[in-house]
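Engineer: This is the structure, below, for whatever I ask next.
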Amino acid sequence: MLDVAIRKTDGSTAVDWATVGVRSAPPLPVAPALQTLLPNGLRRGSTVNVTGSLSLLLALLGAASSAGAWCALVGFPRLSAEAAREYGVDLRRLALVPAPGESWTTAVGALLDSLDVVAARPPARLVPGDVRRLAARARSKDAVLMPYGGGWPGADVRLQAQTGRWVGIGEGAGRLRARPVEVAAGGRGPSARPRTATLWLPADGGGLAETAPLAPVIDLAG
């Protein structure tokens with residue numbers, strides 16, 4: 001094997017080129033139910049494109065936030081902090097920028113400089129150069145950029161949710177309790193291998209869970 005290290009006169013390693021550019025920061029954790037899709041967690045410096053389910057987006061933030069990561073939600077004016085908390089997001093370490101307007105790119109870039117995960121809904125028109133610059137900013141800052149919605153080019157990981165029918169309603173009565181969601185994962189590099197999983201988003205009682213049989217819950221008229 002080729003020795004690619006630069007060594008000092010005493011034989012110790014000064015620079016090992018095999019490790020240059022290799023990130024030492026550990027990935028951010030994900031919930032157990034998501035490990036089929038992301039077995040190595042959320043890799044720092046990566047771009048993870050999420051489509052089809054805001055619940056999936058929040059579930060991705062939950063475990064990282066609970067473990068101490070600082071997160072941000074940009075461009076989600078109708079998304080409540082309570083909804084984020086339901087999926088495990090620690091509100092003490094969550095920044096909300098509901099309507100950044102024309103400053104969307106500036107806001108996302110600034111948040112990538114200081115936070116661990118920035119989930120953002122891009123505007124209808126986004127300059128291709130801004131896409132590249134934000135991805136580069138995430139890489140240089142060891143942050144995770146998580147754009148929501150299709151059409152984000154060059155994403156390292158793509159997660160697409162196809163929602164199923166709500167369950168819980170019986171024959172003419174009852175309440176919506178849970179919803180199964182089929183999620184497909186792909187991407188490039190280490191994430192190129194396709195993966196799929198079916199999750200409860202939300203589960204019966206709220207939050208995220210792996211699929212399991214759920215009996216219908218019927219409210220009887222009194």
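Read the figures in this text as sums done on the coordinates, not as results from a lab. Just so we're clear, the structure is a prediction, and the values are computed from it rather than from any experiment. When we count neighbours, we look across all protein chains shown, and the Cβ atoms used for this are built from the backbone with ideal geometry, even at glycine.
Engineer: Using the charge dipole of region 89-169 (Lys, Arg: +1 at Cβ; Asp, Glu: -1 at Cβ; taken about the Cα centre), state which of Gly101, Gln162, Ser114 has its Cα farthest towards the positive end.
Structural biologist: Gln162
Engineer: If you don't mind, another one. Residue by residue through region 68-78, which ³J(HN,Hα) values in whole Hz follow from phi under the Karplus form 6.51 cos²θ - 1.76 cosθ + 1.60 (θ = phi - 60°), with glycine and proline marked x?
Structural biologist: Coupling constants for region 68-78: x, 6, 8, 10, 9, 10, 10, x, 10, x, 9 Hz.
Engineer: Run the simple label-point estimate for Gln162 and Glu102 please: 7 Å along Cα→C-beta, distance reported in nm.
Structural biologist: 4.2
Engineer: Hey, what's the Kirkwood Rh for region 60-99 if you take every pair of different alpha carbons, in angstrom?
Structural biologist: Evaluated over region 60-99, this radius sits at 9.9 Å.
Engineer: Does region 34-168 come out rounded, prolate or oblate, given a ≥ b ≥ c as the square roots of the eigenvalues of its C-alpha gyration tensor, rounded meaning a/c under 1.5 and, failing that, prolate meaning a/b above b/c? Show your work: numbers first, answer last.
Structural biologist: Working: a/c = 1.31, a/b = 1.28, b/c = 1.02.
Since a/c stays below 1.5, the shape of region 34-168 is classed as rounded.
Engineer: Expressed in whole Å with the largest first, what are the equivalent ellipsoid semi-axes of region 21-80 derived from the C-alpha gyration tensor as the square root of 5 times each eigenvalue?
Structural biologist: Working: eigenvalues 84, 38, 28 Å².
In descending order the semi-axes read 21, 14, 12 Å.
Engineer: Let me ask another. Subtracting the Cα-Cα distance from 0.36 nm times the residue separation, let me have the gained length for Asp142 to Glu82 in nm, one decimal. Could you put the intermediate results ahead of the total?
Structural biologist: Numbers: separation 60, 0.36 × 60 = 21.60 nm, distance 2.76 nm.
So the chain would gain 18.8 nm between Asp142 and Glu82.
Engineer: List the equivalent ellipsoid semi-axes of region 91-133 in whole Å, largest first, each obtained as the square root of 5λ for an eigenvalue λ of the Cα gyration tensor. Mind showing how you got there, number by number?
Structural biologist: Details: eigenvalues 74, 31, 13 Å².
Semi-axis lengths for region 91-133 are 19, 12, 8 Å.
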